[in-house]
Ligand code: CO8
């Protein structure tokens, strides 16, 4: 598929990199961009050589939200019956390989929600997060009211959703929204470092770790612990468990085969 609103490349043939590329609109997320993003994510997920995916934007904006110019024209029938804006936002949830968001500049509204749908966020020191939908007479529509409180707690999430204020990178790290903050010129180096590291691990173990951490948000503690235990046990059926433990015992680097 030829892409117009995203750029796609790989690093060392094992990391898939998707760059949102609508610079004139600060990467505002419209249906075409989200369709392209969904297709690119699915293609990397299906590519056996790819062990991790990085999603990023420009230095000025990860994404400044859903496309307000497009949305301004829509009525209830367009968004509800025809599923405009919302139709392709769930693809990223179906991706089984890790997706890291590398966020510089604005991550607002749907941009903040898209970053939160990734498995973790590495932020540049110029990053700004916010859910400003309240200023437009609406509310977040892609998980902002649900993922933000889980990430940063009720009080800060309410503050963000009700005032529409922005949170800078330092506050985002302090609040647990992002895992690391790095200087802007080190953002891709740091993110690719993490992505390459993950790509060298067993894809089976990596997928299991992702699935299990995500389960923590969907289940009781005892159900989550049982899910973890069963997957932990299951990994003892893989060649990669034998390889990883043998490599440790024999003081050599593990060579995982994803089997
Ligand atoms: N949609 C469309 N165009 C945008 C958007 C956007 N979200 N954000 C910026 N642009 C455009 C501007 O219109 C402008 O275009 P032009 O040059 O043609 O006038 C261009 O990008 C540059 O923007 P600015 O001139 O405004 O740049 P500034 O540096 O002055 O300001 C800001 C940057 C602060 C980011 C500012 O652009 C802004 O406030 N943008 C809107 C942010 C916002 O409100 N985002 C939330 C949108 S609502 C939403 O995301 C709901 C999500 C629901 C998802 C549901 C799916 C399931």
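The values are calculated or read from the model by the stated rules, or taken from the named source; none is laboratory data. Bear in mind the structure is a predicted one, so any value in this text is a computation, not a measurement. Glycine gets a Cβ as well: all are built from the backbone with ideal geometry, and neighbour counts include every protein chain shown.
Annotations for the structure displayed:
- Failed item in (1) surrounded by 22 or more Cβ atoms within 10 Å (Cβ to Cβ); (2) touching a residue at least 40 places away in the same chain (Cβ under 8 Å), with residue 113 passing the rest: (2)
- Restricting attention to region 246-258, the residues that are within 30 Å of the chain's Cα centre (by Cα) and more than 13 Å from residue 208 (Cα to Cα) total 5.
- Residue that is farthest from residue 120 (Cα to Cα) [pool: residues in region 86-98 that are in contact with a helix residue (DSSP H, G or I) (Cβ under 6 Å, 6 or more places away or on another chain) and assigned to a loop (DSSP other than H, G, I, E, B)]: 88
- Selection within region 116-142 - more than 22 Å from residue 87 (Cα to Cα) and either near the ligand (Cβ under 10 Å from one of its atoms) or free of Cβ contacts under 8 Å to residues at least 12 places away in the same chain (or both): 128, 130, 135
- Residue 83 vs. criteria assigned by the TED database to the domain that holds residue 152, more than 10 Å from the ligand (Cβ to nearest atom), out of contact with any helix residue (DSSP H, G or I) (no Cβ under 8 Å at 6 or more places or on another chain) and free of Cβ contacts under 8 Å to residues at least 12 places away in the same chain: no
- Residue check for residue 161: under 29 Å from residue 10 (Cβ atoms) and within 16 Å of the ligand (Cβ to nearest atom): no
- Flag if residue 91 is under 24 Å from residue 194 (Cβ atoms) and surrounded by fewer than 22 Cβ atoms within 10 Å (Cβ to Cβ): yes
- For region 210-236, a residue qualifies if it is surrounded by fewer than 12 Cβ atoms within 10 Å (Cβ to Cβ) and either modelled with pLDDT under 95 or within 15 Å of residue 117 (Cα to Cα) (or both), and the qualifying residues are 217, 218.
- Only listed residue being in the same structural domain as residue 15 (by the TED database), near the ligand (Cβ under 9 Å from one of its atoms) and either more than 28 Å from residue 165 (Cα to Cα) or at pLDDT 95 or above (or both), chosen from 57, 51, 65: 65
- With respect to the conditions (1) within 25 Å of residue 14 (Cβ to Cβ); (2) part of a strand (DSSP E or B), residue 129 lacks only one, and its number is (1).
- For the residues 42, 9, the requirement of being more than 16 Å from the ligand (Cβ to nearest atom) and more than 21 Å from residue 143 (Cβ to Cβ) singles out 9.
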